[in-house]
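Bear in mind these aren't lab numbers, they're just calculated from the coordinates by the rules spelled out. None of these values were measured; they are calculated from a predicted model. Ideal geometry is used to build each Cβ from the backbone, glycine not excepted, and the neighbour counts take in all protein chains shown.
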């Protein structure tokens with residue numbers, strides 16, 4: 001708690017210093033002059049107008065964001081567009097409040113608008129990472145690299161894209177943990193939603209089993225697994241053959257085509273159903289055993 005409070009104080013101090021520097025630059029370059037504030041006024045009526053304006057803009061922004069959240073499109077592309085529009089609305093609301101508020105106070109913002117190119121240049125040097133995040137986010141949306149609802153992997157972190165903003169992307173892993181990543185850091189992305197995925201299962205059988213007989217019974221077992229779990233597997237799992245000759249068992253390998261969000265549950269289902277299916281066929285999976293021999297002295 002103390003650390004958070006200290007960091008907030010530091011951020012506030014840094015922001016105050018930056019504002020002071022920008023104000024000094026503005027006065028030195030005559031971007032800011034006393035003439036801009038000659039009509040400045042502040043009384044109860046102005047304060048009331050400010051409060052009404054701010055409340056109205058925030059209510060409008062909240063209403064539009066709420067309306068955008070009502071539809072639940074199946075298309076990941078549409079969900080991404082809605083997500084980034086909601087993000088843009090927040091920035092637009094802040095800009096509208098700032099400009100409209102200055103106008104209500106009597107500040108002549110025409111000079112500020114005319115000098116926006118120089119101001120943008122000054123801010124650009126101090127907020128290079130912010131601009132990079134926004135530009136990268138726009139490119140990713142336009143190039144359709146990933147969308148809301150896609151399962152992606154970034155630097156070893158795997159999860160579902162839950163929102164895309166102008167600055168950051170939120171990714172939620174299967175455990176519900178949310179990782180917020182700057183758009184400029186979204187590099188080397190592996191989009192796992194583009195193609196069907198495969199759940200893998202390896203299961204061992206004793207060397208003494210009749211492998212040819214077991215392999216002839218496997219297709220029926222694969223079809224049975226598909227009929228039990230049609231919501232997980234897109235087709236009957238496939239037997240790939242002998243994967244390894246272990247010390248005390250023959251290792252068989254199976255794969256099932258699934259959606260990416262079922263890749264782990266598909267593997268667990270294969271392990272479970274193959275174990276029970278092999279037992280019904282009279283094949284027990286071997287396990288490590290210790291033989292103890294008593295040697296008479």
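Applying 0.36 nm per residue to the separation of residue 102 and residue 144 and subtracting their alpha-carbon distance, the gain on full extension is 11.2 nm.
Between residue 253 and residue 285, the simple spin-label model (points 7 angstrom out along Cα→Cβ) gives 1.7 nm. For the pair residue 155 and residue 223 in one chain, pulling the backbone fully straight at 0.36 nm per residue adds 20.7 nm over the alpha carbon distance.
Taking a ≥ b ≥ c as the square roots of the eigenvalues of the Cα gyration tensor, an a/c ratio of 1.5 or more together with a/b larger than b/c marks the stretch 122-279 as prolate.
For the peptides 247-257, 63-73, the ranking by packing is 247-257, 63-73, with the highest mean count of neighbouring Cβ atoms within 10 Å listed first. Taken as Cα centroids, the stretch 185-234 and the stretch 137-157 sit 28 Å apart, rounded to the nearest whole angstrom.
Once C-alpha pairs closer than 8 Å and six or more residues apart are averaged by separation and normalised to the residue number of the stretch 147-256, the relative contact order reads 21 percent. Take the Cβ atoms of residue 191 and residue 60, set R0 to 45 Å, and the FRET efficiency comes out at 0.80.
Stretched out straight at 0.36 nm per residue, the stretch from residue 89 to residue 246 would grow longer than its current Cα-Cα span by 50.5 nm.
Here, the stretch 197-280 yields an orientationally averaged convex hull projection of 5.1 nm² when only Cα atoms define the hull. For the stretch 212-260, the C-alpha radius of gyration sits at 1.28 times the compact-globule guess of 2.2 N^0.38 Å, with N the residue count. Placing pseudo-labels 7 Å out from each Cα toward the beta carbon at residue 231 and residue 181 gives an inter-label distance of 3.0 nm. Packing-based ranking of 158-165, 212-219 yields 158-165, 212-219, ordered from highest to lowest mean Cβ neighbour count within 10 Å. One compactness figure for the stretch 195-238 is 1.36, namely its Cα radius of gyration divided by 2.2 N^0.38 Å.
Taken over the stretch 146-191, the convex hull of the Cα atoms encloses 61 Å³ per residue.
Fewest-first ordering of 285, 59, 170 by other beta carbons within 10 Å of each residue's beta carbon gives 59, 285, 170.
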